[in-house]
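Chemist: The structure follows.
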Amino acid sequence: METPNFDHWETLAAFHGTGSDRFYDVDTLVSGKDSLSDLEENAIALATYGSGVAGLDVVHIQSHIGFDSISMARRGARVTAVDFSPTALARASEIAQLAGVALDTVQADSRDLPHSLDDRFDIAYATIGVLCWIDDLDNWMASTTRVLRDGGRLVLVEIHPFTNVFGSRDPLIADFPYRSGVPVQWSGTGSYANPNADFVTSTEEYAHSLSEIVNAVHHAGLSLTTLLEHDDMAYDPHGDILDLDDDGRYRFRIGVGPDGTRGSASTLPIAFTLLATKRPAII
Ligand SMILES: C[S@@+](CC[C@H](N)C(=O)[O-])C[C@H]1O[C@@H](n2cnc3c(N)ncnc32)[C@H](O)[C@@H]1O
């Protein structure tokens, strides 16, 4: 299986959390700060009917350097962090040790998780910035479903494919496809967590529309239980596309609204939450 983005992620995993980026503050995580955003928190609450992840087996798919893995382990989950980047997993283990929590790690491609993980997890948690690296969404969904127990839940919180279309807002540039098709190649400096970082990498990214994601869920043997589209977030995952409103929430508006200002324009979807349950095989 080809892994076109491997070098990119190895580079970012070595850089993130070393004190030079806006998202990964190791010291505050280690000292007890939780890394889950309100959307992720709410998704877990909905998936577990409010009881949370304590006592559950959670696989964190594409865990990167393990911030959310550690936050869920702190809540009492038995967490297995999965990523194809050995550097990311080594960093996650190191930070978990500093934070004093247990964390298992498995280096694997999320499109083809090892069979040793089959039927082992209550929750498969995958959030913000995972699907755009996946060329074959059906493989990813089938692989993720396979490691869930019957009745286990997929908790997917992602950037909305609508907003992903836009690379810039002023000027408005729509430079990424809405649905799957031709992969998008990029080469340049920096990371989403620090655009000025002094390294050059290249990537290949893949668009997946909301209907493609929902259909992949169905094809994988999951039953969709919740699909929410969010117009506001606690941070801007792109770093520079969203408006920061007075209530501290980020929103996406284009053009102008009824009073001729952008502030009154309708807000557009920027993230979604998808929850689904693994159905027992009937044939
Ligand atoms: C944007 S990060 C996820 C960020 C995570 N939500 C966080 O809060 O840190 C994407 C992760 O996906 C991993 N990744 C990309 N493609 C992968 C694949 N095919 N299999 C496994 N991991 C992959 C990268 O190594 C990276 O750690």
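Chemist: Regarding His64, is this residue assigned to a loop (DSSP other than H, G, I, E, B), crowded, with 17+ Cβ neighbours inside 10 Å, within 14 Å of the ligand (Cβ to nearest atom) and not charged (D, E, K, R)?
Modeler: For His64, the condition - assigned to a loop (DSSP other than H, G, I, E, B), crowded, with 17+ Cβ neighbours inside 10 Å, within 14 Å of the ligand (Cβ to nearest atom) and not charged (D, E, K, R) - is met.
Chemist: Identify the residue in the stretch 171-224 that is among the charged types (D, E, K, R), more than 16 Å from the ligand (Cβ to nearest atom) and modelled with pLDDT of 90 or more and, among all such residues, is nearest to Gly152 (Cα to Cα).
Modeler: Taking the candidates together, the pick is Glu212.
Chemist: Of the conditions (1) closer than 30 Å to Val184 by Cβ; (2) touching a residue at least 60 places away in the same chain (Cβ under 8 Å); (3) within 14 Å of the ligand (Cβ to nearest atom), Thr105 fails just one. Which one is it?
Modeler: Status for Thr105: all satisfied but (2).
Chemist: Somewhere in the stretch 144-154, is a residue over 23 Å from Thr201 (Cα atoms), without any contact (Cβ under 8 Å) to a residue 60 or more places away in the chain, in contact with a Pro (Cβ under 9 Å, 6 or more places away or on another chain) and surrounded by fewer than 23 Cβ atoms within 10 Å (Cβ to Cβ)?
Modeler: The answer is no, given that none of the residues of the stretch 144-154 is over 23 Å from Thr201 (Cα atoms), without any contact (Cβ under 8 Å) to a residue 60 or more places away in the chain, in contact with a Pro (Cβ under 9 Å, 6 or more places away or on another chain) and surrounded by fewer than 23 Cβ atoms within 10 Å (Cβ to Cβ).
Chemist: A further question on this structure: Give the number of residues within the stretch 169-184 that are over 19 Å from the mean Cα position of the chain (by Cα) and either polar (S, T, N, Q) or over 21 Å from Pro4 (Cα atoms) (or both).
Modeler: Count: 6.
Chemist: Would you pick out the residues in the stretch 240-283 that are assigned to a loop (DSSP other than H, G, I, E, B) and among the basic types (Lys, Arg)?
Modeler: Matches in the stretch 240-283: Arg249, Arg253, Arg279.
Chemist: When residues of the stretch 15-37 are filtered for being in a helix (DSSP H, G or I), modelled with pLDDT of 95 or more and either surrounded by 18 or more Cβ atoms within 10 Å (Cβ to Cβ) or within 14 Å of the ligand (Cβ to nearest atom) (or both), how many remain?
Modeler: 2
The values are calculated or read from the model by the stated rules, or taken from the named source; none is laboratory data. Values in this document were obtained by computation on a predicted structure and should not be read as measured data. Every residue, glycine among them, receives a Cβ derived from its backbone with ideal geometry; neighbour counts consider all protein chains shown.
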